[in-house]
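Before any comments, here is the structure.
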Amino acid sequence: MACFTVYIPPEFAINDQSEIIEFIRKYSFGIMVTYSEGFRTSHIPFIITANDPLVLWGHLATGNQQLRGIGDSRALVIFSGPHSYISPSWYAVPGQVPTWDYVTVHAEGTVRLSSREETTKMLEKMVDFYESGSTLAGKLREKPYEDMMSGIVGFKIHVDRIRGKAKLSQNHTVEDRMGVIDHLSRSSNQDKVEIAKLIGKTIKNQ
């Protein structure tokens with residue numbers, strides 16, 4: 001069985017599965033990687049059901065070449081969260097190098113093609129999730145939406161391996177991290193501000 005791996009030093013590992021699931025729900029637009037006559041990738045939104053096993057639900061356009069041989073194949077889905085360049089000039093201790101802080105989750109599993117009914121239910125859940133309060137979810141079984149269903153293929157990934165990584169300067173002193181927080185929190189870039197908040201949590205939780 002093919003197995004993808006991501007390098008995760010112990011201090012950067014996210015060990016709480018509930019935290020990983022919430023991360024996927026927050027940053028649900030993932031990159032799905034499969035292999036069939038070469039690597040194939042798609043950038044698509046996912047819905048996760050937190051049962052045993054975890055299941056990722058998605059769909060592809062019928063013309064997407066990634067559908068070739070995808071049934072019962074292995075897939076890797078990468079979910080990316082906030083990230084930021086970290087300058088050594090922000091550290092209290094001199095003589096260090098630049099780096100990049102980020103949060104990501106890698107999920108691996110076996111792909112199963114969904115039935116028409118499963119695909120419709122998945123789309124209803126997806127609309128409810130991304131557009132809460134919309135009446136669209138209740139109309140997907142009506143025309144013209146029902147006719148459009150022929151243009152997509154639904155699938156589910158039964159996840160059997162999932163790993164989260166939060167590289168948030170945990171390998172630096174509190175003083176160094178406070179310097180990073182000070183610089184990032186003053187940025188107008190939302191990713192930088194979010195990374196600053198997450199680094200702050202690592203200090204509180206240590």
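Observations
- Residue-averaged [θ]222 nm for the chain, counting only DSSP H segments that reach four residues, each worth -39500 (n - 2.57): -8500 deg cm²/dmol
- Relative to the dominant Cα principal axis of the chain, helix 174-185 is inclined by about 60°.
- Segment 1-100: relative contact order as a whole-number percent, Cα under 8 Å and 6+ apart: 24 percent
- Rounded tilt (10° steps) of 116-130 against the dominant C-alpha axis of the chain: 40 degrees
- At R0 = 25 Å, FRET efficiency that the Cβ-Cβ distance of residue 78 and residue 50 yields, to 0.05: 0.85
- Residues whose placed amide H lies under 5 Å from that of residue 96, excluding near-sequence neighbours: none
- Within segment 48-115, the trypsin sites (Lys or Arg not before Pro) that combine a DSSP coil assignment with at most 12 other C-beta atoms in a 10 angstrom radius are 68.
- Calculated on the alpha-carbon coordinates, the convex hull of segment 1-94 measures out at 167 cubic angstrom per residue.
- Helix 190-205 axis, angle to the chain major axis (alpha carbon atoms, nearest 10°): 70 degrees
- Alpha-carbon Rg with Dmax, taken over segment 1-51, Å: 13.5, 37
- Loop-located chymotrypsin sites (Phe, Trp or Tyr not before Pro) in segment 1-53 (DSSP state other than H, G, I, E, B) with a sparse environment of at most 12 neighbouring Cβ atoms within 10 Å: 7.
- Counted residue by residue at 0.36 nm each, then reduced by the alpha carbon distance between them, the extension gain from residue 206 to residue 61 reaches 47.7 nm.
- Given the alternatives [x] 17.3; [y] 21.4; [z] 19.0, Kirkwood radius over Cα pairs in Å as computed for this entry is given by [z].
- Separation of alpha-carbon centers, segment 100-126 and segment 1-50, rounded to whole Å: 10 Å
- Stokes-Einstein D (µm²/s) once Rh is taken as the Kirkwood radius of segment 98-206 over alpha-carbon pairs, at 10 °C in 1.306 mPa s: 90 µm²/s
- At most 11 other Cβ within 10 Å, DSSP loop - GluC sites (Glu not before Pro), segment 1-73: 37
- Between the residues 168, 91, 66, the greatest Cα displacement towards the positive end of the dipole of the chain, with unit charges on the Cβ of Lys, Arg, Asp and Glu, is found for 66.
- Alpha-carbon radius of gyration plus Dmax, which is the widest Cα pair, for segment 42-129 in Å: 18.9, 60
- Summing charges over all other residues whose Cβ lies under 10 Å from the Cβ of residue 184, with Lys and Arg as +1 and Asp and Glu as -1, gives -1.
- Pairs from 165/197; 165/201; 121/197; 26/121; 26/165 whose Cα-Cα separation, in the structure shown, is over 26 Å: 121/197
Computed from the coordinates by the stated procedures, all read-outs in this text should not be read as laboratory data. Small disclaimer: the values here were computed from a predicted structure and weren't measured. In this analysis, Cβ positions are derived from the backbone assuming ideal geometry, glycine residues included, and neighbour counts consider all displayed protein chains.
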